[in-house]
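Beneath this line is the structure, given in structure tokens, with notes to follow.
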Amino acid sequence: MSAESSIEWTDSTWNPVRGCTKISDGCKHCYAEKFAERFRGVKGHPYEQGFDLRLVPEKLAEPLRWRKPKMIFVNSMSDLFHENVPEEYIAAVAKVMVAANWHTYQVLTKRSERLRELLNTSLRFAANQKHIWWGVSVENRKYGLPRIEDLQSSRAAMRFLSVEPLLEDLGKFDLRGINWAIVGGESGPGARPMKKEWVVAIRDQCRRARVPFFFKQWGGVRKSAAGRELDGKTYDEFPERILHPILAARECIENLEYASDKSIKTAWDEEIARRIEDIDSGRVKAVSREIARRTLSLVVE
Ligand code: SF4
């Protein structure tokens with residue numbers, strides 16, 4: 001089962017990594033940390049280890065099993081580009097996104113330097129895919145604006161900004177090459193306030209630059225009471241989605257082979273294949289172990 005999401009701008013979440021560490025002001029009231037820490041020590045729970053960073057290879061193959069196209073928020077409970085996630089593992093996640101290309105993926109990070117570096121080198125096969133949207137978080141000028149520059153200097157075909165929680169007026173900033181902007185205020189206990197004029201300034205810049213604008217929420221201690229209307233209007237704009245047909249197994253394999261540069265073909269490729277072999281949902285099952293070891297090998301019945 002996919003994890004259906006209540007986040008306004010996505011359908012589902014996919015977490016092949018869990019846990020993270022704080023890096024900037026936007027992390028202060030990290031929702032993921034609060035959620036994960038509630039289960040620390042609960043035996044057998046996915047967050048038994050709280051918010052400690054760990055890879056979840058058993059989740060790697062999930063999108064291949066979801067046969068209905070979805071918008072998928074990748075690593076809602078972590079940061080894919082965290083310094084402790086091995087580059088090979090990030091590549092494995094990217095290969096799954098390329099192979100299961102009937103979905104739209106939203107990859108959001110605060111580690112924009114690593115995103116830029118990898119999209120321009122080992123992840124180029126995924127950077128140029130329009131069904132994968134690469135985004136950075138922007139909470140203030142100090143941390144957020146340099147992240148936008150990193151994103152703009154990357155080879156991403158689709159770039160977005162998650163301006164949340166917006167903590168101050170961002171002033172005038174460059175939106176060149178940006179395909180989407182989400183804006184929202186912080187919510188929950190201790191939420192830091194967001195002023196209307198900060199939001200309006202971003203909306204107006206998006207209008208001028210023709211960047212789709214999504215206003216997620218005002219936030220605050222009682223988020224539902226504050227709502228998500230701006231000047232009496234709900235802003236639910238999205239960039240145009242590329243809709244690929246749902247692929248049969250063999251075609252997924254071709255996609256994966258396209259993504260599998262020999263120089264980064266690793267044990268993780270085998271791990272994905274092994275996980276697919278483990279799938280016994282009745283709809284998707286593995287065939288030849290030999291082929292599976294070489295690449296992703298599965299049959300859709
Ligand atoms: S980067 Fe994201 S997931 Fe990681 S601590 Fe900060 S807010 Fe939480």
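The values are calculated or read from the model by the stated rules, or taken from the named source; none is laboratory data. Please read all numbers here as calculations on a predicted model, not as lab measurements. Note that we place each Cβ from the backbone using ideal geometry, even for glycine, and neighbour counts take in every protein chain shown. Remember, those area values only see protein heavy atoms, side chains included, never the ligands or the DNA or RNA. Shrake-Rupley method; radii C 1.70, N 1.55, O 1.52, S 1.80 Å.
Quick look at the numbers
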| read-out | value |
| --- | --- |
| Selection count where residues are surrounded by fewer than 18 Cβ atoms within 10 Å (Cβ to Cβ) and either among the aliphatic types (A, V, I, L, M) or within 13 Å of the ligand (Cβ to nearest atom) (or both), scope segment 1-18 | 3 |
| Candidates Val107, Val93, filtered to the one that is of a type outside the set (Gly, Ala, Ser), touching a residue at least 40 places away in the same chain (Cβ under 8 Å), within 16 Å of the ligand (Cβ to nearest atom) and not in a loop (DSSP other than H, G, I, E, B) | Val93 |
| Complete set of residues in segment 22-60 that are closer than 29 Å to Gly185 by Cα, aliphatic (A, V, I, L, M) and assigned to a loop (DSSP other than H, G, I, E, B) | Ile23, Leu53 |
| Within segment 19-66, considering residues that are in contact with a Ser or Thr (Cβ under 9 Å, 6 or more places away or on another chain) and away from the ligand (no atom under 16 Å from the Cβ), the one least open to solvent (accessible area, probe 1.4 Å) | Pro63 |
| Test for Lys110: is it modelled with pLDDT of 95 or more, loosely packed, with under 15 Cβ neighbours inside 10 Å and of a type outside the set (S, T, N, Q) | no |
| Verdict on Leu123 being crowded, with 23+ Cβ neighbours inside 10 Å, free of Cβ contacts under 8 Å to residues at least 40 places away in the same chain and either within 13 Å of the ligand (Cβ to nearest atom) or hydrophobic (A, V, I, L, M, F, W, C) (or both) | yes |
| Strands (runs of 3 or more DSSP E) contained in segment 129-231 and holding at least 2 residues modelled with pLDDT under 95 and among the hydroxyl-bearing types (Ser, Thr, Tyr) | none |
